[in-house]
1. Hey, can you grab everything whose amide H is under 5 Å from the amide H of ARG54? Only 5+ residues off in sequence or another chain; H modelled, so Pro and N-termini drop out.
2. At 0.36 nm per residue, minus the direct Cα-Cα distance, what do GLN27 and ARG65 gain on full extension? Give it in nm, one decimal, please.
Amino acid sequence: MEFIYFVQNQLIPDKLLTSEQVSKILQVHPFTVLKYLKAGKLKGIKLGRVWRIRESNVERFLEERSMVSNESVQTFIEKEKPIMPDNQSDHYILE
């Protein structure tokens, strides 16, 4: 199924995916996709008893997750303290 929407007066096609298709893309269980949808972490459209998710929403979800992961890594790096005071060691202690 394809959904068309307007962006700056241009028609842009956007596929509607099932939760099963999204689970394969995200490599998670279909129930996890439903949990993301119900929590509002992933935007979707509920049609009766089934959910449909725009492909662009899946891409946005992945981008947001990527930014969170990068922030987590940065926080991890900032918390590292060198063992040796001269900062010439490649060994670190985590607090």
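1. LEU17, ILE45
2. Extra length from GLN27 to ARG65 when fully extended: 12.3 nm.
A short reminder: the numbers here are calculations on the coordinates, not readings from a lab. Given the structure is predicted, the values throughout are model-derived calculations rather than measurements.
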